[in-house]
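Report on one structure; see the data block that follows.
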Amino acid sequence: MTLEELRNRMKAARVEIAENRLEVVRRLLTDALRPIQAMDSRAHRPLEPAVTFDAVRSRGDRGQ
Amino acid sequence: MASEELFYATIRDVGARLRRRAISPVELTRAHLERIERLDPKLHAFVTVTADRALADAKGAEAALGRGDISSPLLGIPIGYKDIYATRGILTTGGSALLADWIPDEDSTCVTRLQRAGAVMLGKLITHEFAFGIQFPGHRYPPARNPWDLERMPGGSSSGSGAALAAGMAFGALGSDTGGSIRGPASFCGIAGLKPTYGRCSRTGVLTLSWTLDHTGPMARTVEDCAYLLQALAGYDATDPASSREPVPDYVAPLGRGVRGLRVGVVREYFFEGIDPEVEKAFEQALATLRQLGASVEDVQIASIQSSGAFMAILLAEAFAYHERDLRERPELFGELLRERMLAGALITGSEYVQAQRLRARLQSDMGAALKRVDVLATPTSPKPAPTFATVYDPEYGFPRSNTGPFNMTGLPALAMPCGFTASGLPISIQITGRPFDETTVLRVGHTYEQATDWHKRHPAL
């Protein structure tokens, strides 16, 4: 993420962050979004965004 | 003054002394209040010391013991609560100026359960602001300091819980863990901390940071003490939408079964990036100990482990969603660091949040596959020992890479416990992670390792 893109996002979200902290925020977001931007969602089998933690259902799925 | 040995006793040992009337809950509580008064001015672990409440609890425990009530191992045991757990009639600040005057009408479920088990409430323990923002100089609440080195962070966000336990100011504590806030302080303070399975312990009455990542759980000086606390905490709570109806097993009885025949999987990718050589050496020695104890140790792969960093996108977006109104209407009441972190959550797009949750589903599936081959996973809890305050106060200091966040993504139970010390005397920690709701095996591995080592018996000079 560039600083320009960060500023555009801030404008769209109507938030202000001190100019001298923009680089730190840029790095935080860059790290958080790296795996998302590296992902080609079309390349994966269908994945639901909903996360469940149900114990009974999980046994088959998660190795118990 | 009571001896150091008493303050560093285990819950089992001190409980036995209470039940055979070798010491009374009131004496024990008074001794702790005196110790807090002596040590806390330099540690800042407590926001509020509830001395009157503690003594009332202790007198209640004394009366119960007098009636022959020995049903709870926590009866008369002095503990502390992280200050994001609501406590009825007692200030609950969340480490934030926003809540500087908030006195809840109800106890959180976890507090209710520990109090019902007979625990003595010593007070409220400082948390990073809203469990996310380190208190910088000038903040309304000073940060807790690490008892092993006062110039270093005790970890966070359950910073007061970690500091109080390492300093022998309580036998147990509540922490909460969204990206490592139980396990980080456990790692840096040389104690044990368990993030149970998502849904195992109630979040009701606990300030929210991130709905789908928040976990509540116990912190103590030993794995066994965590098991005692978890036994009282675990179980369904109809007031928490994420609470599980999974039956609660006995967490204490199986601790002594050893690790012979258990399979320990070591995840090399991701968790060793940027690791301190002393941490790596201590971790490898811990693996050797587990082998000697009869466990088999093998490397395992988690295909999507590098996507773990997406947990921060989920955390930031959910934290902003929770705090948005206050961030827009009363931004001056947030610490600068926390405010900028939370505002960063406003910059995550809807699509990015959805994709982060999809990556999470894939990570959950991949970890589940690994846990079909092994019984537990082992990783270093933190790749480095506790940083200095000077380091984290540096304006360029970013959010550190997390070895704990992946298990908030997947909701799996994860235990942090000591596995060594650096040459300069700072604690090093191993993280043991298990299958959903299999805290029993996680605790069993931790306890077996703990019994074979003496790291948990070392205490800071205060």
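The values are calculated or read from the model by the stated rules, or taken from the named source; none is laboratory data. Only a predicted model underlies this, so the values are computations on that prediction, with no experimental measurement involved. Reconstructed Cβ throughout: ideal geometry from the backbone, glycine too, with neighbour counts over all protein chains shown.
For residues that are free of Cβ contacts under 8 Å to residues at least 40 places away in the same chain and out of contact with any helix residue (DSSP H, G or I) (no Cβ under 7 Å at 6 or more places or on another chain), scanning just region B:251-274, find the one that is farthest from B:S296 (Cα to Cα).
B:A253
Please note which strands (runs of 3 or more DSSP E) are completely contained in region B:113-221 and include at least 1 residues that are among the charged types (D, E, K, R).
In region B:113-221, the matching strands (runs of 3 or more DSSP E) lie at B:120-125, B:172-177, B:192-195.
If a residue has to be at the interface with chain B (Cβ under 7 Å from one of its Cβ atoms) and either more than 11 Å from the chain's Cα centre (by Cα) or part of a loop (DSSP other than H, G, I, E, B) (or both) to count, how many in region A:30-43 make the cut?
Qualifying residue count for the region: 2.
Sort through B:E318, B:E324, B:E280, B:E298 and tell me the only one that's surrounded by fewer than 19 Cβ atoms within 10 Å (Cβ to Cβ) and within 14 Å of another protein chain (Cβ to nearest Cβ).
B:E324
Please go through (1) in contact with a helix residue (DSSP H, G or I) (Cβ under 9 Å, 6 or more places away or on another chain); (2) surrounded by fewer than 24 Cβ atoms within 10 Å (Cβ to Cβ); (3) among the aliphatic types (A, V, I, L, M) for B:I103 and return the number of the only condition it doesn't satisfy.
(1) is the only condition that B:I103 fails.
Please work out if B:A369 is more than 9 Å from every other protein chain (Cβ to nearest Cβ) and either under 30 Å from A:S41 (Cα atoms) or under 22 Å from the mean Cα position of the chain (by Cα) (or both).
no
When residues of region B:189-246 are filtered for being closer than 21 Å to B:S71 by Cβ, more than 14 Å from chain A (Cβ to nearest Cβ) and of a type outside the set (S, T, Y), how many remain?
Selection size over region B:189-246: 11.
Just to be sure, is B:M312 within 12 Å of chain A (Cβ to nearest Cβ), touching a His at 6+ places or on another chain (Cβ under 6 Å), of a type outside the set (D, E) and closer than 20 Å to A:A13 by Cβ?
no
When you look at A:R27, is it within 8 Å of another protein chain (Cβ to nearest Cβ) and either assigned to a helix (DSSP H, G or I) or at pLDDT below 90 (or both), yes or no?
yes
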